[in-house]
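S.K.: Structure below; questions to follow.
FYI, it's all coordinate maths here, none of it is from the lab. This one's a predicted model, so the numbers in the text were calculated from it and none came from an experiment. We place every Cβ from the backbone using ideal geometry, glycine too, and count neighbours over all the protein chains shown.
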Amino acid sequence: MMQPLQGSFVALVTPMQANGSLDYTSLESLIEWHIASGTSGIVSVGTTGESATVSVTEHLEIINKTIELVDKRIPVIAGTGANSTQEAIELTKTAASLGADYALIVTPYYNKPNQDGLLQHYTKIADTVDIPQILYNVPSRTACDLRPETVASLATHPNIIGIKEATDDPMRLRELMSITERLEDQKYFSVLSGDDPTFNSFMAEGGDGIISVAANILPSQIAKICTLNLDKQFDDAKDLNEMFLSIYELLFIESNPIPVKWMLEKMRKIDSGIRLPLVPLATQYHDAIINEMTKLKLL
């Protein structure tokens, strides 16, 4: 049986120069920082990695470069979702051939499939590509909700090994946890949060970890909160997590990854590049973020 996915997985930004060109030097230093900080794995070209603004060629090149730079030290989870099933299959196939450890596959966005469409979409990808796959539900971005009953059907597929659930609904978590319990004889099904503001309580209720935006700026701190929860030291985890509640909110004051890229630039980890239609952080938010980052000794 595979090791369950547990802990802090960073939804890594894609560093870019001020002119928008990809910056692999900064990517390398971010990866080294994450590995040294105890991050459990790297998600390459998810939403935070600007999957929606890079070309297909660049998308695959970033995944390839990330796999090379990580060099098998921690798992690489490739973002390979698309709103066309065929395109998702092609991205997932290529990521598998490049050596990705897992694929993270977001629900199809914009075209609003029903539950049967979602079931067939994910089943087709899992039947076609032999790589461990993580479902990704983020209704606030995709206008599409992968319901727990559909997850329960998909979770029986040998290639589907977990879900990133980016809702803040405790009831939803309980439904997903019950799927894991029912599957225990067959395999481990990981339930990961995709919501920084609520991930600590999610883990205290039995969640396995987080695919985190905040881990971009707080890698060792998010890793520590995850470890405390997995060790059932819930009070210590809660105390540590409370220090970061304000920064979690500020990370989403504008569309992700606008705030996190701005913060990383201020930390001198990356250049200022971000691609249209995303634009740099509005000046009215600068002071609040600088104050909070100063308080947390991030600057």
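S.K.: Return the calculated 222 nm mean residue ellipticity for the chain, to the nearest 500 deg cm²/dmol, obtained by summing -39500 (n - 2.57) across DSSP H runs with n ≥ 4 and dividing by the residue count.
M.R.: On the way: 13 runs with 134 residues, N = 299.
That comes out to -13500 deg cm²/dmol.
S.K.: Hey, another quick one. Hey, of (1) 6, 21, 20, 13, 10, 8, 8, 7, 6, 1, 0; (2) 6, 30, 38, 22, 4, 0; (3) 6, 26, 33, 22, 10, 2, 0, which did the structure itself give for P(r) over Cα pairs in 10 Å bins from 0, in percent when calculated?
M.R.: So the structure-derived entry is (2).
S.K.: Which Cα, out of PHE234, TYR109, SER37, lies furthest along the positive dipole direction of the chain (beta carbon charges, K/R +1, D/E -1)?
M.R.: Highest projection toward the positive end goes to SER37.
S.K.: With an 8 Å cut-off on Cα pairs and a minimum separation of 6 or more residues, tell me the relative contact order of segment 123-204 in percent. Before the final figure, lay out each step's value.
M.R.: Working: 99 pairs, mean separation 24.5, N = 82.
Across segment 123-204, relative contact order equals 30 percent.
S.K.: Now, a different point. Students often get this wrong: which residues of segment 19-60 have the backbone nitrogen under 16 Å from the point 7 angstrom along Cα-to-C-beta of GLN3?
M.R.: 35-43
S.K.: Another question, if that's okay. Could you tell me which trypsin sites (Lys or Arg not before Pro) in segment 1-73 are loop residues by DSSP with no more than 13 other beta carbons within 10 angstrom of their beta carbon?
M.R.: LYS72, ARG73
S.K.: What does the charge count around ILE247 come to, taking other residues whose C-beta lies under 11 Å from its C-beta (Lys +1, Arg +1, Asp -1, Glu -1)?
M.R.: Details: positive: LYS295; negative: ASP196, GLU249, GLU292.
Neighbourhood net charge equals -2.
S.K.: Collect residues whose amide H, placed 1.01 Å from N in the peptide plane, falls under 5 Å from the amide H of SER44; neighbours closer than 5 in sequence don't count.
M.R.: Residues meeting the amide H criterion: ILE77, ALA78, GLY79.
S.K.: When the chain is fully extended, how far beyond the present Cα-Cα distance does HIS286 get from THR156, taking 0.36 nm per residue of separation?
M.R.: On the way: separation 130, 0.36 × 130 = 46.80 nm, distance 4.65 nm.
Here the answer is 42.1 nm.
S.K.: Same structure, new question: Under the classification rounded if a/c is under 1.5, otherwise prolate if a/b is larger than b/c and oblate if not, where does segment 155-275 fall, given a ≥ b ≥ c as square roots of the Cα gyration tensor eigenvalues?
M.R.: On the way: a/c = 2.30, a/b = 1.65, b/c = 1.40.
Prolate shape, in that a/c is at least 1.5 and a/b is the bigger ratio.
S.K.: Please identify which residues in segment 76-92 have an amide N closer than 11 Å to a label point set 7 Å out from the Cα of SER255, following the Cα→Cβ vector.
M.R.: Under cut-off, by backbone N: nothing.
S.K.: Express in nm, to one decimal, how much length is gained between LEU230 and ASN111 on full extension, taking 0.36 nm for each residue of separation and deducting their alpha carbon distance.
M.R.: On the way: separation 119, 0.36 × 119 = 42.84 nm, distance 3.75 nm.
Working it through step by step, the gained length comes to 39.1 nm.
S.K.: Around VAL56, under 10 Å between beta carbons, what's the net of Lys plus Arg minus Asp minus Glu among the other residues?
M.R.: Values: positive: none; negative: GLU58, GLU61, GLU87, GLU90.
That sum, taken over residues with Cβ under 10 Å, equals -4.
S.K.: Just going by the charge dipole of the chain, with Lys and Arg at +1 and Asp and Glu at -1 on Cβ, which of THR57, ILE247, THR198 is farthest out on the positive end?
M.R.: Farthest towards the positive end: THR57.
S.K.: Using the Karplus curve 6.51 cos²θ - 1.76 cosθ + 1.60 with θ = phi - 60°, what ³J(HN,Hα) values do you get for each residue of segment 260-266, in whole Hz, with x for Gly and Pro?
M.R.: 5, 5, 5, 5, 5, 5, 5
S.K.: For segment 120-128, in order, what is each residue's ³J(HN,Hα) by Karplus, 6.51 cos²θ - 1.76 cosθ + 1.60 with θ = phi - 60°, in whole Hz (x at glycine and Pro)?
M.R.: So the J values, rounded to whole Hz, are 5, 4, 5, 5, 4, 5, 5, 5, 8.
S.K.: Between the DSSP loop rule and a limit of at most 11 other Cβ atoms within 10 Å, which trypsin sites (Lys or Arg not before Pro) in segment 234-282 are left? Present the calculation step by step, with values, prior to reporting the outcome.
M.R.: Values: sites: LYS238, LYS261, LYS266, ARG268, LYS269, ARG275; in loops: ARG268, LYS269, ARG275.
Sites meeting the loop and neighbour criteria: ARG268.
S.K.: Are any of the pairs LYS164/LYS232; LYS72/LYS266; LYS269/LYS297; LYS65/LYS224 more than 18 Å apart by Cα-Cα distance, and if so, which? It would help to have the intermediate numbers written out before the result.
M.R.: Numbers: LYS164/LYS232 21 Å; LYS72/LYS266 30 Å; LYS269/LYS297 15 Å; LYS65/LYS224 27 Å.
With Cα atoms farther than 18 Å apart: LYS164/LYS232; LYS72/LYS266; LYS65/LYS224.
S.K.: Moving on to the next point. Taking the Cβ of PHE9 as the center, what net charge do the other residues with Cβ under 13 Å away carry, scoring Lys and Arg +1 and Asp and Glu -1?
M.R.: Charge balance in the 13 Å sphere: -2.
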